[in-house]
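The values are calculated or read from the model by the stated rules, or taken from the named source; none is laboratory data. Because the structure is a prediction, the values reported are computed rather than measured. Here Cβ is always computed from backbone atoms with ideal geometry, including for glycine, and neighbour counts include all displayed protein chains. When the accessible area is computed, the model is the full protein with side chains, heavy atoms only, and any ligands, DNA or RNA have been set aside. Shrake-Rupley method; radii C 1.70, N 1.55, O 1.52, S 1.80 Å.
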Amino acid sequence: MPVITITGLVGSGAIEVGIEVSRKLGIDYVDRMILAEAAKRMGTTVAAVAERTERPPTRGERIASFARSVLERSALAGSGSDPYFGGGLDALLVREYRDFPTEGVGDVGDAQLLEVTAAVMRELAASDRVIIAGRGANMILRETPGALHVGLTSALDQRVQRIMNRENLDRTEAERFVAENDKARNAYFQRFFKVHPDDAAHYHLMVNTDLLPTAKAAELVVEAARIIPASA
């Protein structure tokens, strides 16, 4: 089963499509919210949880465990940052694009932020059974054998409507939310990867979610995922 990355404009349906593909394939789905939940668990190792409860660790606990391990080995170690998702890692993995700082965080520069983010992404991808949404995963994992990179697109009005529904915002607020996130997303990809996020050259498959509903878009991704291993 390949690693799948899903990257899309805010409100394009990446969350919904990613979750549906995860359900169809029976593999993990990871986005910034799941990573944020993992961050909350960083104070407890998976081994400690398993010893206490005698149950298999949850996805969040597993992610927290290897994220801790990555951070301890990373460029952030000894930089004066919080050792558990502090001092900058949350800037790349957890925040909305529009909430990103415009430069490095504290003593941590862009190269270190990207190094740690890439380490977490590669650790996730090592399972070969994961869908990773956003965070430039398609660029970080572009040389990963057998990885499938999916881009989602949607018209502005449709995206605004989805954000109104999802975030419970009025139209003016949703339009501002989308505009700010689009601008910050473009800046993020340029800053860390020197590319435009919607350049089709960086994807195996581009899907217009205005023309295909979530279930159909997910079916398309599932079919592509079955092809990729044979051609990788």
Residues that are among the hydrophobic types (A, V, I, L, M, F, W, C) and in contact with an Asp or Glu (Cβ under 9 Å, 6 or more places away or on another chain), drawn from region 170-185: Ala174, Phe177, Ala184
What single numbered condition from (1) touching a Phe, Trp or Tyr at 6+ places or on another chain (Cβ under 9 Å); (2) open to solvent by less than 10 Å² (accessible area, probe 1.4 Å); (3) not basic (Lys, Arg) fails to hold for Leu141? (1)
Residue list for region 107-152, filter: part of a loop (DSSP other than H, G, I, E, B) and in contact (Cβ under 8 Å) with a residue 40 or more places away in the chain: Ser127, Asp128, Arg129, Gly134, Arg135, Gly136, Leu141, Arg142, Thr144, Pro145, Gly146, Ala147
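Listed here are the residues, each with its yes/no results for (1) within 19 Å of the chain's Cα centre (by Cα); (2) of a type outside the set (Val, Ile, Thr); (3) at pLDDT 55 or above.
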| site | (1), (2), (3) |
| --- | --- |
| Ile4 | yes, no, yes |
| Thr7 | yes, no, yes |
| Ile19 | yes, no, yes |
| Ile27 | yes, no, yes |
| Val30 | yes, no, yes |
| Met33 | yes, yes, yes |
| Arg41 | yes, yes, no |
Given the condition assigned to a helix (DSSP H, G or I), open to solvent by less than 10 Å² (accessible area, probe 1.4 Å), within 21 Å of Leu9 (Cβ to Cβ) and without any contact (Cβ under 8 Å) to a residue 60 or more places away in the chain, answer yes or no: does some residue in region 158-171 qualify? no
Just one of Gly136, Gly106, Gly86 is at pLDDT below 55 and on the phi > 0 side of the Ramachandran plot; which is it? Gly106
Specify the residue that is nearest to Ala118 (Cα to Cα); the eligible residues are those in region 211-221 that are touching a strand residue (DSSP E or B) at 6+ places or on another chain (Cβ under 9 Å) and open to solvent by less than 60 Å² (accessible area, probe 1.4 Å). Val221
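One line per residue, one yes/no per condition, for (1) open to solvent by 10 Å² or more (accessible area, probe 1.4 Å); (2) among the charged types (D, E, K, R); (3) under 19 Å from Ile19 (Cβ atoms):
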| site | (1), (2), (3) |
| --- | --- |
| Thr153 | yes, no, yes |
| Arg176 | yes, yes, no |
| Phe193 | yes, no, no |
| Met206 | yes, no, no |
Search result, residues across region 179-214 that are assigned to a helix (DSSP H, G or I), touching a residue at least 12 places away in the same chain (Cβ under 8 Å) and either in contact with a Leu (Cβ under 7 Å, 6 or more places away or on another chain) or under 17 Å from Gly151 (Cα atoms) (or both): Asn181, Asp182, Arg185, Tyr188, Phe189, Phe192, Phe193, Ala200, His202, Thr214
